[in-house]
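Inspection log for the structure reproduced underneath, given as structure tokens.
Derivation of every value follows stated rules applied to the coordinates shown; laboratory data play no part. From a predicted model like this one, the values you see are computed outputs, not experimental measurements.
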Amino acid sequence: MASSDGEKPISTRENTETNAGFSVVKGKRIKLNDPATLAFPPLSIGLGKVPIEEAMPILCKVIKEFIDSHKDQRYFLVLVEEDHEILEYFRQASGNLWTFKSEMPDHCELTRDERLLLRKDVFDDQAMEDDRKCRFIACETTWRLKPDVTPFSRKVYKAAGSDLAKRIKEAYPQPGALGEAYPVSLPPESNIRKNKGIEQIIYVVAPNMNPARSDHLPLDEAKKSLTKSYQSMLNAFWSVANDNDYSPSNSLVTEHNEKKRKSSVEIPVAAAKSSQIHQPRNERSLYSNDWSRVLWEYCSNPEAFPSDIVYHYDDDVVITWDKFPKAQKHLLVMPRRRIEYIDDLKKSDIDTIELLKKKGQWVIDRLKEENAKLDFRMGFHAMPSMRQLHMHVISQDFNAPALKTKRHWNSFTTFFFIPVDNLLDVLRGKGEVTIDNEYYNRLLKGRLRCHRCEKEFKTMPMLKDHIRLHWE
DNA sequence: GTTCTAGAAC
DNA sequence: GTTCTAGAAC
């Protein structure tokens, strides 16, 4: 199977997309004679005491999803388990998801698609002779990221050498999160790397149902966490196998919160300087919160979308229909070059914002030709959820089924909505934008008031009934 | 961003 | 009992 022309990439087109919750890096350079291979144990069934009849179907399902999401990629997944009965359980749980080539022999079993192998021993010399050397090994761990909590991980830990614990601590000084994966790369001089070709060990915090331990979960929660554990493990594997960084989600969440905390458009109060922690922003292959970056796809590839999604685009600007419109007409106007948040803006971006305003006005003029009754506002959310700078162009009827919550309402009718002219004033004056996170969060939680007559309402349904009167 | 759902509010 | 919200999960 190994090719003699070695380094030839399968494809040079680089593109990340998601499929069934997995990040898929298309066409990354995978050396043909050095496939990405992950060896991993069944998680949570020993240490975590999740019943095997519950755990195995989850494992099968996640593997199936991963394989389906990575159809034209070359890699191997190797399930390693000493206990013959457990492997047999896996075969049974997998039903007819895969066709196994033969009855279970002692060490290596190929499935029909040649992506999944079962083995008794990760360091089996005979198995290591083939071209499917395990460049990556996953090990189960606890939230303290201890490297030696299961027989399998102890074995790997012993082989890796004693400085592994130190390397884990350096890479992840904070405790791990349940369901997350923590890849640790091995130094070139490490024995396990020199002799076995193992590059990284991926530590996975898997769920525990053992009542003797303090953090045990009920079955339904353990099952959810186990799914996530396997998904994180495979996502981490795929990221590092494609030379991407993988950031476990607990650190990502921290960065996100930090980022939001930092913010505060000058308009109400300047944020304290001490809160302006600059966080480096790395490129990351993402798994779960992909939704926060969907706008990037519109901006980088607007021609790929139909006109009921992308309203208009040119070299500098993309205009899309809001996917969940909060009024009769609701669009987003975005720069095509990547700007994440309004507090990334500098004086030099004034031209860009003016262009957004000009394009927004152009849209408004066109829409008013269709319906002269509509009136519009153009502006930005102080703390947006989506990661590309986007200016809302929204008609003021707020007559739309997707407008449901207090947060929705207040985000468009309080100072949380920063009109484009207001933003331009701040940029022209101060030259930068700071966002007071607490102030804006308070606005979102404030009382419900009609934007036309200031009348106050207790619930969203009552308010929605009322604003209809202004419209009709 | 939405969806889901527990429990608060009525 | 039903409606509605708010927070977690995704």
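Structure data summary
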quantity	calculated
For the stretch A:273-471: relative contact order, % (alpha-carbon pairs under 8 angstrom, 6 or more apart)	20 percent
Taking the C-alpha atoms of the stretch A:273-471, convex hull volume expressed per residue in Å³	142 Å³
J(HN,Hα) series, the stretch A:354-366, from Karplus relation 6.51 cos²θ - 1.76 cosθ + 1.60, nearest Hz, glycine and proline x	5, 5, 4, 4, 4, 5, x, 5, 4, 4, 4, 4, 5
Residues whose placed amide H lies under 5 Å from that of residue A:80, excluding near-sequence neighbours	A:40, A:119
Kirkwood Rh in Å, taken over all unlike Cα pairs in the stretch A:433-472	11.6 Å
Rounded to whole Hz, the Karplus (6.51, -1.76, 1.60) HN-Hα couplings of the stretch A:137-154, x for glycine and proline	10, 9, 10, 6, 9, 10, 5, 7, 6, 6, x, 9, 9, 10, x, 5, 5, 4
nm² value of the averaged projected area, convex hull over the Cα atoms of the stretch A:367-432	5.6 nm²
Tail beyond 14 Å, pair distance distribution of the stretch A:391-472 (Cα, percent)	67 percent
Violating pairs (Cα-Cα greater than 29 angstrom) within the set A:146/A:228; A:326/A:358; A:373/A:430	A:373/A:430
Whole-Hz couplings from phi, Karplus 6.51/-1.76/1.60, listed for the stretch A:76-82; x for Gly and Pro	9, 10, 10, 7, 10, 7, 5
Inter-centroid distance (Cα atoms) of the stretch A:212-252 relative to the stretch A:289-316, Å	30 Å
Value of Rg/Rh across the stretch A:129-211 [Cα atoms, Kirkwood radius]	0.98
